[in-house]
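Let me begin by presenting the structure, written as structure tokens, before commenting on it.
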Amino acid sequence: MAFSPDYRAYPTQSATTTAVLDAGLRAYMLRVYNWMSSGLLLTGIVAYAIAHTAAMDAFYPLVQTVTGRLVHQPTALAYIAMFAPLAFVLVLSFGVNRLSTQAVQALFWTFCVAMGASLTSIFVVYTGASITQVFFITAATFAATSIYGYTTKSDLTKMGSFMMMGLFGIIIASLVNIFMQSSALQFAISIIGVVVFVGLTAYDTQRIKADYIQYSYAEGTDLAARRGVYDALSLYLNFINLFMMLLQILGVRNND
């Protein structure tokens with residue numbers, strides 16, 4: 001949606017109303033960030049637990065190649081885990097206004113668990129130290145970009161539309177590269193992906209703020225609770241995708 005003008009620009013609005021709206025917005029944004037952070041924590045715990053326990057064998061068992069080398073081979077369960085988060089995103093996106101608050105929250109937690117299972121593969125490919133390093137780089141980048149999106153007076157609507165076009169381009173290029181297996185194309189996709197998800201983080205933060213200002217979700221209502229989870233999901237996905245793009249650029253592989 002188009003960015004709504006800053007509500008402080010209206011001189012007819014009372015100071016009391018402005019203060020109440022300010023307080024409500026801060027509380028709402030804090031809830032969104034808490035949901036997002038909690039979801040990331042759960043995802044990390046699940047991914048780490050699977051990668052460092054016997055459960056890893058169900059996803060990526062060690063298989064001996066014809067050359068005698070042991071490699072982690074993905075199973076059918078691993079492929080299911082890879083695509084399961086997409087199903088949850090679709091259900092949450094289309095059902096946020098139809099499902100109960102409890103159902104939306106349960107789906108969000110289940111989605112975070114499924115995403116954790118799908119991210120187990122990064123422990124096969126990259127060293128633990130580089131995963132940790134890239135995570136903190138991602139967190140710092142995300143925080144700075146989200147703060148910019150929250151505080152800027154510039155309208156980021158056009159940039160958001162452009163970034164969405166870039167996202168579709170990344171998806172198409174990634175599908176093509178499944179068959180091409182080009183490292184140069186993959187590197188280009190990762191670079192463009194960082195730009196796209198940094199831009200989407202700023203845009204989504206501004207959109208969340210603008211939506212709240214326009215609709216003023218009443219504190220404690222089911223609508224506020226459901227929208228808070230959905231908005232947290234948007235930022236969560238931006239963070240995860242930014243992390244994966246940066247990991248492909250900066251991550252140190254286990255066989256390096």
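The values are calculated or read from the model by the stated rules, or taken from the named source; none is laboratory data. These figures come from a predicted structure and were not determined experimentally. Reconstructed Cβ throughout: ideal geometry from the backbone, glycine too, with neighbour counts over all protein chains shown.
Assorted remarks:
- Within segment 123-175, considering residues that are of a type in the set (G, A, S) and under 17 Å from the mean Cα position of the chain (by Cα), the one nearest to F187 (Cα to Cα): G166
- Considering F108, F94, F59, the condition of being at pLDDT 80 or above and within 28 Å of A210 (Cα to Cα) is satisfied by F108 alone.
- Odd one out for T43 among (1) of a type in the set (S, T, Y); (2) at pLDDT 90 or above; (3) touching a Pro at 6+ places or on another chain (Cβ under 9 Å): (3)
- Applying the criterion of being closer than 20 Å to G44 by Cβ and assigned to a loop (DSSP other than H, G, I, E, B) to the residues of segment 75-122, the residue that is nearest to the chain's Cα centre (by Cα) is L119.
- Applying the condition of being among the aromatic types (F, W, Y) and in a helix (DSSP H, G or I) to segment 190-244 and asking which residue is farthest from the chain's Cα centre (by Cα) yields Y215.
- Single residue of S154, S161 found to be in a loop (DSSP other than H, G, I, E, B), free of Cβ contacts under 8 Å to residues at least 12 places away in the same chain and farther than 23 Å from G228 by Cβ: S154
- Lone unmet requirement of (1) modelled with pLDDT under 85; (2) assigned to a loop (DSSP other than H, G, I, E, B) for T53: (1)
- Summed over segment 165-212, the residues that are in contact (Cβ under 8 Å) with a residue 12 or more places away in the chain and farther than 19 Å from L246 by Cα give a count of 10.
- All positions within segment 123-134 that are in contact (Cβ under 8 Å) with a residue 12 or more places away in the chain and assigned to a helix (DSSP H, G or I): F123, V124, V125, A129, S130, I131, Q133, V134
- Condition met for G149 (modelled with pLDDT under 95, assigned to a helix (DSSP H, G or I) and surrounded by 15 or more Cβ atoms within 10 Å (Cβ to Cβ)): no
- Number of residues in segment 177-209 that are out of contact with any helix residue (DSSP H, G or I) (no Cβ under 9 Å at 6 or more places or on another chain) and under 20 Å from Y28 (Cβ atoms): the value is 0.
- Considering (1) surrounded by fewer than 18 Cβ atoms within 10 Å (Cβ to Cβ); (2) out of contact with any His (no Cβ under 7 Å at 6 or more places or on another chain), the lone condition that L62 does not fulfil carries the number (2).
- For the criterion of being within 15 Å of Q248 (Cα to Cα) and modelled with pLDDT of 95 or more, V124 fails.
- Qualifying residue in segment 175-191 (condition: in contact with an Asp or Glu (Cβ under 9 Å, 6 or more places away or on another chain) and modelled with pLDDT of 90 or more): no
- Qualifying residue in segment 63-73 (condition: under 27 Å from L237 (Cα atoms), modelled with pLDDT of 70 or more, in contact with a helix residue (DSSP H, G or I) (Cβ under 6 Å, 6 or more places away or on another chain) and not in a loop (DSSP other than H, G, I, E, B)): yes
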